[in-house]
Amino acid sequence: MLDRKHSIASKNQTTYRAPTASEIIDKLGGTTKVAKMFGIRTASVSGWRAKRIPAARLHFLTVLHPEAVTPIAVSGPPDPERRSASRSHQAGLSTADET
């Protein structure tokens with residue numbers, strides 16, 4: 001599992017980040033559903049949103065609900081068309097037909 005402050009890049013230069021506690025809880029159906037999953041009070045799960053999900057609970061979620069803790073892509077490889085349009089714009093050229 002990735003630490004919230006760390007990200008990784010693959011060969012295609014896509015950068016990933018770990019989901020926040022709130023994102024994980026929301027993916028699992030919300031505070032009440034997660035509290036019922038663990039048999040704890042909703043106030044405890046609400047506290048995780050502000051702090052962090054305890055390590056043992058996060059491990060449990062990683063094993064049983066890996067889709068909820070999957071790293072999130074925050075940037076991808078550059079779009080060749082966008083890069084080409086940007087170069088044309090910088091050179092003072094238009095990429096669209098002007099009438």
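Of note:
- Taken over the range 21-50, residues that are within 21 Å of Pro66 (Cβ to Cβ), out of contact with any His (no Cβ under 9 Å at 6 or more places or on another chain) and in a loop (DSSP other than H, G, I, E, B) amount to 2.
- Counting the residues of the range 42-66 that are touching a helix residue (DSSP H, G or I) at 6+ places or on another chain (Cβ under 6 Å) and among the charged types (D, E, K, R) gives 2.
- Of the residues screened, Ile53 is not one that is part of a loop (DSSP other than H, G, I, E, B), at pLDDT 95 or above and over 16 Å from the mean Cα position of the chain (by Cα).
Table: residues versus (1) surrounded by fewer than 13 Cβ atoms within 10 Å (Cβ to Cβ); (2) of a type in the set (A, V, I, L, M); (3) at pLDDT 95 or above.
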| residue | (1), (2), (3) |
| --- | --- |
| Leu2 | no, yes, no |
| Ser7 | no, no, no |
| Thr15 | no, no, no |
| Asp26 | no, no, yes |
| Val34 | no, yes, yes |
| Phe38 | no, no, yes |
| Ser44 | no, no, yes |
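The values are calculated or read from the model by the stated rules, or taken from the named source; none is laboratory data. Nothing here was measured: the structure is a model prediction, and the numbers come from that model. Here the Cβ is made from the backbone with ideal geometry for all residues, glycine too, and neighbour counts use every protein chain on show.
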